[in-house]
Amino acid sequence: MSTTWHVLGAGSLGTLWAARLARAGLPVRLILRDQARLQAYQAAGGLTLVEHGQACVQAIAAETLDTPTPIKRLLVACKAYDAAQAVAHLAPRLSADAELILLQNGLGSQDAVAAQVPQARCIFASSTEGAFRDGDWRVVFAGHGYTWLGDVSHPVAPPWLDDLTHSGIPHEWSADILTRLWRKLALNCAINPLTVLHDCRNGGLQQHQCEVATLCAELGELLECCGQPAAAQDLQQEVERVIQATAANYSSMHQDVTSQRRTEISYLLGYACKVATRHQLTLPHLFQLQQRLIELLQQRGLPSD
Ligand code: NAD
Ligand code: KPL
């Protein structure tokens, strides 16, 4: 009997995973905030996955945070700023051998979650897949990509990676998951805040090459200083490549600001600046970028943390 995949955070990425796992015949349960959300979900008749323009409804089982049954495998798909609190709520339900898979972008939230559940194995993930919701309980699979998973304190891959293979979730076990997360963080720091400040698509940054290059140099210095030289390698070239490859897209932070949603700034640029301060590094452009972004968020009435 397969272990049930409990999915905490029935948003874009969580439902994308849930829909594919359930489609492969694996046991999945969505964990919703409260009874009202559960009733709304049940009234909708399930979850709709839209892939290649085709919509498919699946009646995936759901429960609330307060359901008393134990949890052995938990996919945490909340935003970085919600993850630790949401997991703390579920801590009493976790079995002694529980495993958590943390899908959060950026850094900082993973340690905050792990601190809530010291007995559990926490597996970090970094994903280049893309999904968005185009309605309640509907998710659109927008960008095919890859998910790397790894465990900083235990290098052996878990056997349930086979579930991902059977579900068609492209993935790889990574011995250097922190390097992957740092590299993605650096890319996001070099691109996302500037797209917000210049109010442009990613491709618009081709008009701001000097600013991008200066940030890449400072981010490279930070990565070297905190023991991540591999994440610093050819950073500027990769940032330029991503800008070109995603020129027509708005960055996720730009989309959040446009939609008046809270950003994950504290787990991206905020985290980078915090680590730089800890290492007493002088990175004036990075700190100035953070200050400009915070001011813009405050002007828009959005949280700046
Ligand atoms: P989302 O906002 O669509 O989904 C998060 C969900 O968590 C929401 O439905 C929210 O209601 C729920 N939630 C928050 N607190 C909760 C609680 N206490 N109990 C129950 N549910 C709770 O976010 P997303 O876009 O799926 O992103 C999740 C994470 O994955 C982020 O860190 C993001 O950066 C990362 N990520 C997303 C994508 C993507 O394409 N969406 C791609 C790569 C990485
Ligand atoms: O991950 C991204 C995002 O928008 O969050 C890219 C496309 C790499 C830009 O930083």
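Values in this text are rule-based calculations from the coordinates and carry no lab data. These figures come from a predicted structure and were not determined experimentally. Virtual Cβ from ideal backbone geometry, glycine too; neighbours counted across all protein chains shown.
Of all lysines in the structure, the ones whose alpha carbon falls short of 28 Å from that of K274, not counting any fewer than 8 places away in one chain, are K79, K184. Normalising the average separation of contacting C-alpha pairs (under 8 angstrom, six or more residues apart) by the number of residues puts the relative contact order of the chain at 14 percent. Counting only residues at least eight positions apart within a chain, or on another chain, the aspartates and glutamates with an alpha carbon under 14 Å from that of K72 are D97, E99. Of interest is the spacing of the C-alpha centroids, which for region 32-57 and region 232-274 amounts to 29 Å.
Counting beta carbons within 10 Å around each of C216, C189, C210, C56 and listing the fewest first gives the order C210, C56, C216, C189. Whole-Hz Karplus values for region 187-192 come out as 4, 5, 5, 7, 10, 4 Hz, taken residue by residue from phi with 6.51 cos²θ - 1.76 cosθ + 1.60 and θ = phi - 60°; glycine and proline positions read x.
Only DSSP H runs of four or more residues enter the estimate; each adds -39500 (n - 2.57), and after division by the residues of the chain the mean residue ellipticity at 222 nm equals -13000 deg cm²/dmol. Hydrodynamic radius of the chain by the Kirkwood approach over all distinct alpha-carbon pairs: 20.2 Å. Determine the distance separating the Cα centre of region 3-27 from the Cα centre of region 173-199; give it in Å without decimals. Using only Cα atoms to place each centre, the spacing works out to 26 Å.
Take the convex hull of the alpha carbons in region 151-262; its mean projected area over all directions comes to 8.9 nm².
The ratio of the alpha-carbon radius of gyration of region 117-183 to the globular-protein estimate 2.2 N^0.38 Å is 1.27. For region 99-109, backbone phi angles converted through the Karplus equation (6.51, -1.76, 1.60; θ = phi - 60°) give residue-by-residue couplings of 10, 10, 10, 9, 8, 5, 6, x, 9, x, 6 Hz, Gly and Pro being listed as x.
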